[in-house]
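The values are calculated or read from the model by the stated rules, or taken from the named source; none is laboratory data. Everything quoted here is computed from the prediction, not taken from an experiment. As a convention, Cβ positions derive from the backbone with ideal geometry for all residues, glycine included, and neighbour counts pool all protein chains shown. Quick note on the areas: whole protein, heavy atoms, side chains included, nothing else; ligands and nucleic acids left out. Shrake-Rupley method; radii C 1.70, N 1.55, O 1.52, S 1.80 Å.
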Amino acid sequence: MEIIIKVNAEAAGLLAAGLIAEKIRTNPKTVLGLATGGTPLPVYEELVRLYRQENLDFSSVTTFNLDEYVGLGGEDANSYCRFMWENLFNHINIAPERVHIPNGLAEDMEAHCLEYEDRIQQAGGIDLQLLGIGANGHIGFNEPNSSFASRTRVVNLAPETVKANRRFFPAEEDVPRRAVTMGIGTILESRSCLLLAAGENKAEALAAALEAPVSSSVPASALQSHPRTTVICDRAAAAKLRNRLKNESA
Ligand code: F6R
(Lines give C-alpha, C1' and ligand atoms only; values in the text may rest on other atoms or scores of the structure.)
Protein backbone atom coordinates (compact mmCIF):
# COMPACT_ATOMS: atom_id res chain seq x y z
CA MET A 1 0.00 0.00 0.00
CA GLU A 2 1.38 3.36 -1.00
CA ILE A 3 0.67 6.27 1.36
CA ILE A 4 1.23 9.78 0.07
CA ILE A 5 0.94 12.78 2.37
CA LYS A 6 0.31 16.19 0.84
CA VAL A 7 0.39 19.57 2.52
CA ASN A 8 -3.38 20.19 2.43
CA ALA A 9 -6.71 18.90 1.10
CA GLU A 10 -6.40 20.79 -2.19
CA ALA A 11 -2.97 19.33 -2.93
CA ALA A 12 -4.24 15.85 -2.05
CA GLY A 13 -7.23 16.35 -4.36
CA LEU A 14 -5.05 17.57 -7.21
CA LEU A 15 -2.86 14.51 -6.99
CA ALA A 16 -5.86 12.16 -6.85
CA ALA A 17 -7.39 13.87 -9.91
CA GLY A 18 -4.06 13.56 -11.71
CA LEU A 19 -3.97 9.80 -11.06
CA ILE A 20 -7.55 9.41 -12.27
CA ALA A 21 -6.79 11.46 -15.40
CA GLU A 22 -3.72 9.35 -16.11
CA LYS A 23 -5.86 6.20 -15.88
CA ILE A 24 -8.40 7.65 -18.33
CA ARG A 25 -5.72 8.77 -20.77
CA THR A 26 -4.16 5.29 -20.71
CA ASN A 27 -7.52 3.57 -21.04
CA PRO A 28 -10.35 5.77 -22.36
CA LYS A 29 -12.84 3.03 -21.38
CA THR A 30 -11.86 3.17 -17.71
CA VAL A 31 -14.55 2.11 -15.23
CA LEU A 32 -14.43 4.44 -12.25
CA GLY A 33 -15.96 3.95 -8.82
CA LEU A 34 -16.84 7.33 -7.32
CA ALA A 35 -17.54 8.76 -3.89
CA THR A 36 -19.47 11.78 -2.65
CA GLY A 37 -18.98 14.02 0.39
CA GLY A 38 -16.61 16.87 1.11
CA THR A 39 -13.33 15.06 0.47
CA PRO A 40 -13.63 14.42 -3.29
CA LEU A 41 -14.79 17.96 -4.13
CA PRO A 42 -11.27 19.22 -5.04
CA VAL A 43 -10.85 16.07 -7.16
CA TYR A 44 -14.01 16.75 -9.15
CA GLU A 45 -13.12 20.42 -9.54
CA GLU A 46 -9.75 19.47 -11.01
CA LEU A 47 -11.26 16.80 -13.29
CA VAL A 48 -13.63 19.45 -14.67
CA ARG A 49 -10.66 21.76 -15.26
CA LEU A 50 -8.74 18.98 -17.00
CA TYR A 51 -11.76 18.34 -19.24
CA ARG A 52 -12.13 22.03 -20.10
CA GLN A 53 -8.51 23.00 -20.43
CA GLU A 54 -6.56 19.84 -21.15
CA ASN A 55 -8.92 17.78 -23.31
CA LEU A 56 -9.48 15.02 -20.79
CA ASP A 57 -12.09 12.90 -22.57
CA PHE A 58 -14.79 11.19 -20.49
CA SER A 59 -16.90 10.08 -23.46
CA SER A 60 -16.06 6.39 -23.05
CA VAL A 61 -15.69 6.36 -19.27
CA THR A 62 -18.19 4.40 -17.15
CA THR A 63 -18.89 5.30 -13.51
CA PHE A 64 -20.43 3.56 -10.52
CA ASN A 65 -21.11 5.53 -7.36
CA LEU A 66 -20.62 3.92 -4.00
CA ASP A 67 -23.85 4.84 -2.34
CA GLU A 68 -27.14 6.74 -2.07
CA TYR A 69 -29.58 7.58 0.69
CA VAL A 70 -32.67 5.38 0.84
CA GLY A 71 -35.79 7.51 0.39
CA LEU A 72 -34.22 10.32 -1.62
CA GLY A 73 -34.91 10.60 -5.36
CA GLY A 74 -32.21 11.64 -7.80
CA GLU A 75 -33.65 15.16 -7.99
CA ASP A 76 -33.60 15.71 -4.24
CA ALA A 77 -31.14 18.47 -3.31
CA ASN A 78 -29.43 16.16 -0.81
CA SER A 79 -29.27 13.05 -2.94
CA TYR A 80 -25.86 11.80 -3.98
CA CYS A 81 -27.19 11.60 -7.51
CA ARG A 82 -27.77 15.36 -7.52
CA PHE A 83 -24.37 15.91 -5.89
CA MET A 84 -22.61 14.01 -8.66
CA TRP A 85 -24.39 15.81 -11.47
CA GLU A 86 -23.84 19.22 -9.92
CA ASN A 87 -20.22 18.70 -9.01
CA LEU A 88 -18.99 16.59 -11.92
CA PHE A 89 -21.21 15.04 -14.55
CA ASN A 90 -22.93 18.23 -15.74
CA HIS A 91 -19.55 19.75 -16.50
CA ILE A 92 -17.82 16.96 -18.45
CA ASN A 93 -18.60 14.97 -21.59
CA ILE A 94 -19.65 11.76 -19.87
CA ALA A 95 -22.38 9.71 -21.56
CA PRO A 96 -25.40 9.71 -19.17
CA GLU A 97 -26.09 6.05 -19.93
CA ARG A 98 -22.67 5.14 -18.56
CA VAL A 99 -23.34 6.85 -15.20
CA HIS A 100 -24.55 4.50 -12.45
CA ILE A 101 -25.74 5.60 -9.02
CA PRO A 102 -27.79 3.39 -6.69
CA ASN A 103 -31.47 4.37 -6.75
CA GLY A 104 -32.63 5.37 -3.26
CA LEU A 105 -36.25 5.00 -4.38
CA ALA A 106 -36.06 1.55 -5.97
CA GLU A 107 -39.28 -0.35 -5.26
CA ASP A 108 -37.57 -3.69 -4.89
CA MET A 109 -34.31 -2.81 -3.19
CA GLU A 110 -33.00 -6.35 -3.08
CA ALA A 111 -33.42 -6.76 -6.83
CA HIS A 112 -31.94 -3.32 -7.41
CA CYS A 113 -28.82 -4.19 -5.40
CA LEU A 114 -28.33 -7.44 -7.34
CA GLU A 115 -28.77 -5.55 -10.59
CA TYR A 116 -26.20 -2.95 -9.50
CA GLU A 117 -23.66 -5.70 -8.87
CA ASP A 118 -24.53 -7.24 -12.26
CA ARG A 119 -24.00 -3.93 -14.01
CA ILE A 120 -20.55 -3.64 -12.47
CA GLN A 121 -19.73 -7.13 -13.72
CA GLN A 122 -21.12 -6.38 -17.20
CA ALA A 123 -18.93 -3.28 -17.37
CA GLY A 124 -15.93 -5.52 -16.73
CA GLY A 125 -15.44 -4.57 -13.08
CA ILE A 126 -14.19 -1.33 -11.56
CA ASP A 127 -10.69 -0.25 -12.59
CA LEU A 128 -10.24 2.48 -10.00
CA GLN A 129 -12.41 3.02 -6.93
CA LEU A 130 -12.20 6.44 -5.28
CA LEU A 131 -12.99 6.28 -1.56
CA GLY A 132 -13.34 8.67 1.35
CA ILE A 133 -13.23 7.52 4.95
CA GLY A 134 -15.72 8.28 7.71
CA ALA A 135 -14.46 9.47 11.11
CA ASN A 136 -15.70 6.06 12.33
CA GLY A 137 -13.64 4.27 9.67
CA HIS A 138 -16.48 3.54 7.25
CA ILE A 139 -15.95 3.22 3.48
CA GLY A 140 -18.99 3.71 1.32
CA PHE A 141 -21.69 3.37 3.95
CA ASN A 142 -20.20 0.18 5.31
CA GLU A 143 -20.33 1.06 8.96
CA PRO A 144 -18.19 -0.57 11.69
CA ASN A 145 -18.68 -4.35 11.92
CA SER A 146 -19.85 -4.71 8.31
CA SER A 147 -18.70 -7.99 6.81
CA PHE A 148 -15.66 -7.78 4.56
CA ALA A 149 -17.61 -10.08 2.20
CA SER A 150 -20.61 -7.73 2.02
CA ARG A 151 -22.15 -6.80 -1.33
CA THR A 152 -24.38 -3.94 -2.44
CA ARG A 153 -27.24 -3.76 0.07
CA VAL A 154 -29.37 -1.52 2.26
CA VAL A 155 -27.74 -0.58 5.57
CA ASN A 156 -28.62 1.44 8.65
CA LEU A 157 -26.39 4.46 9.12
CA ALA A 158 -24.43 4.63 12.37
CA PRO A 159 -25.57 7.42 14.74
CA GLU A 160 -22.21 9.20 14.25
CA THR A 161 -22.71 9.15 10.46
CA VAL A 162 -26.18 10.68 10.82
CA LYS A 163 -24.58 13.42 12.98
CA ALA A 164 -21.72 13.98 10.51
CA ASN A 165 -24.19 14.32 7.61
CA ARG A 166 -26.47 16.62 9.57
CA ARG A 167 -24.56 19.62 8.13
CA PHE A 168 -26.20 19.12 4.74
CA PHE A 169 -29.80 18.93 6.02
CA PRO A 170 -32.15 21.49 7.61
CA ALA A 171 -32.56 19.41 10.79
CA GLU A 172 -31.24 16.15 12.25
CA GLU A 173 -34.61 14.44 11.74
CA ASP A 174 -34.29 15.12 7.99
CA VAL A 175 -31.10 13.06 7.66
CA PRO A 176 -31.96 9.66 6.16
CA ARG A 177 -31.28 6.73 8.50
CA ARG A 178 -30.71 4.19 5.75
CA ALA A 179 -28.58 4.02 2.64
CA VAL A 180 -27.86 1.66 -0.21
CA THR A 181 -24.14 1.04 -0.52
CA MET A 182 -21.69 -1.13 -2.39
CA GLY A 183 -20.35 -3.71 0.04
CA ILE A 184 -16.79 -4.07 1.26
CA GLY A 185 -16.55 -7.23 -0.85
CA THR A 186 -17.68 -5.21 -3.88
CA ILE A 187 -15.08 -2.51 -3.16
CA LEU A 188 -12.28 -5.04 -2.67
CA GLU A 189 -12.95 -6.46 -6.14
CA SER A 190 -11.95 -3.15 -7.76
CA ARG A 191 -8.65 -3.51 -9.58
CA SER A 192 -7.27 -0.53 -7.67
CA CYS A 193 -8.46 1.68 -4.81
CA LEU A 194 -7.66 5.30 -4.11
CA LEU A 195 -8.45 6.32 -0.54
CA LEU A 196 -8.53 10.05 0.05
CA ALA A 197 -8.58 11.59 3.53
CA ALA A 198 -8.34 15.19 4.68
CA GLY A 199 -8.74 17.00 7.97
CA GLU A 200 -7.84 16.28 11.57
CA ASN A 201 -11.19 14.62 12.26
CA LYS A 202 -10.03 11.74 10.03
CA ALA A 203 -6.62 11.26 11.72
CA GLU A 204 -7.71 8.63 14.20
CA ALA A 205 -9.71 6.60 11.68
CA LEU A 206 -6.88 6.73 9.16
CA ALA A 207 -4.29 5.51 11.65
CA ALA A 208 -6.62 2.72 12.76
CA ALA A 209 -7.31 1.78 9.13
CA LEU A 210 -3.69 1.74 7.98
CA GLU A 211 -1.53 0.89 10.96
CA ALA A 212 -3.63 -1.20 13.37
CA PRO A 213 -4.47 -4.87 12.81
CA VAL A 214 -7.21 -5.46 10.24
CA SER A 215 -10.58 -5.43 11.99
CA SER A 216 -14.21 -5.24 10.94
CA SER A 217 -14.60 -2.55 13.62
CA VAL A 218 -12.66 -0.31 11.19
CA PRO A 219 -14.10 -1.08 7.73
CA ALA A 220 -11.35 0.84 5.89
CA SER A 221 -8.76 -1.54 7.36
CA ALA A 222 -10.06 -4.08 4.81
CA LEU A 223 -7.98 -2.15 2.29
CA GLN A 224 -4.81 -3.46 3.93
CA SER A 225 -5.54 -6.73 2.15
CA HIS A 226 -6.06 -5.05 -1.22
CA PRO A 227 -2.94 -5.41 -3.36
CA ARG A 228 -3.34 -2.12 -5.20
CA THR A 229 -4.44 0.59 -2.84
CA THR A 230 -3.05 4.11 -2.83
CA VAL A 231 -3.80 6.41 0.09
CA ILE A 232 -3.56 10.15 -0.41
CA CYS A 233 -4.08 12.32 2.64
CA ASP A 234 -3.27 15.76 3.91
CA ARG A 235 -1.00 16.46 6.88
CA ALA A 236 -3.90 16.90 9.27
CA ALA A 237 -5.36 13.48 8.44
CA ALA A 238 -1.87 11.95 8.63
CA ALA A 239 -1.17 13.37 12.08
CA LYS A 240 -1.64 10.05 13.88
CA LEU A 241 0.26 7.85 11.42
CA ARG A 242 3.42 6.63 13.07
CA ASN A 243 5.22 5.96 9.79
CA ARG A 244 4.33 9.33 8.30
CA LEU A 245 7.85 10.72 8.01
CA LYS A 246 8.73 7.96 5.56
CA ASN A 247 5.97 9.01 3.24
CA GLU A 248 5.78 12.76 3.42
CA SER A 249 5.94 14.73 0.18
CA ALA A 250 5.21 18.37 -0.61
C1 F6R B 1 -19.62 8.89 0.22
C2 F6R B 1 -19.07 7.81 1.03
C3 F6R B 1 -18.58 8.05 2.44
C4 F6R B 1 -17.68 9.28 2.56
C5 F6R B 1 -17.24 9.48 3.99
C6 F6R B 1 -16.41 10.75 4.15
O7 F6R B 1 -19.99 8.42 -1.06
O8 F6R B 1 -19.03 6.73 0.57
O9 F6R B 1 -17.89 6.92 2.87
O10 F6R B 1 -16.57 9.12 1.72
O11 F6R B 1 -18.36 9.57 4.82
O12 F6R B 1 -17.21 11.86 3.88
P13 F6R B 1 -16.59 13.33 3.76
O14 F6R B 1 -15.71 13.32 2.57
O15 F6R B 1 -17.76 14.24 3.59
O16 F6R B 1 -15.83 13.56 5.03
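Of the Cα atoms belonging to the stretch 131-176, the radius of gyration and Dmax stand at 11.3, 35 Å. Plainly put, the stretch 2-247 has a radius of gyration that is 0.93 times its Kirkwood radius, both from alpha-carbon atoms, as the Rg/Rh ratio. For the chain, the fraction of 1.4 Å probe accessible surface lying on carbon and sulfur atoms is 49 percent.
Seen from all directions on average, the stretch 120-229 presents a Cα convex hull projection of 7.1 nm². For the stretch 1-62, the set of trypsin sites (Lys or Arg not before Pro) satisfying both a DSSP loop assignment and a count of at most 15 other C-beta atoms within 10 Å is given as Lys29.
Two numbers describe the Cα atoms of the stretch 1-104: Rg and Dmax, which are 13.7, 38 Å. Straightening the chain between Gln53 and Ser215 buys 54.0 nm, computed as 0.36 nm per residue apart minus the Cα-Cα spacing. Taking 12 Å as the cut-off, the amide N atoms of the stretch 210-245 that come nearer than this to a point 7 Å along the Cα-to-beta-carbon line of Val7 belong to 235. Cross-link partners of Lys6 among lysines, defined as those whose alpha carbon lies under 21 angstrom from its own and excluding same-chain residues fewer than eight positions apart: Lys23, Lys202, Lys240, Lys246.
In whole angstrom, how far apart do the alpha carbon centroids of the stretch 68-121 and the stretch 1-59 sit? One Cα centre to the other: 20 Å.
Its DSSP H runs of at least 4 residues, each contributing -39,500 (n - 2.57), put the calculated 222 nm mean residue ellipticity of the chain at -9500 deg cm²/dmol, to the nearest 500.
Within the chain, the longest run free of exposed loop sites, counting GluC sites (Glu not before Pro) that sit outside DSSP helix and strand states (H, G, I, E, B) and have at most 11 other Cβ atoms within 10 Å, spans 108-250.
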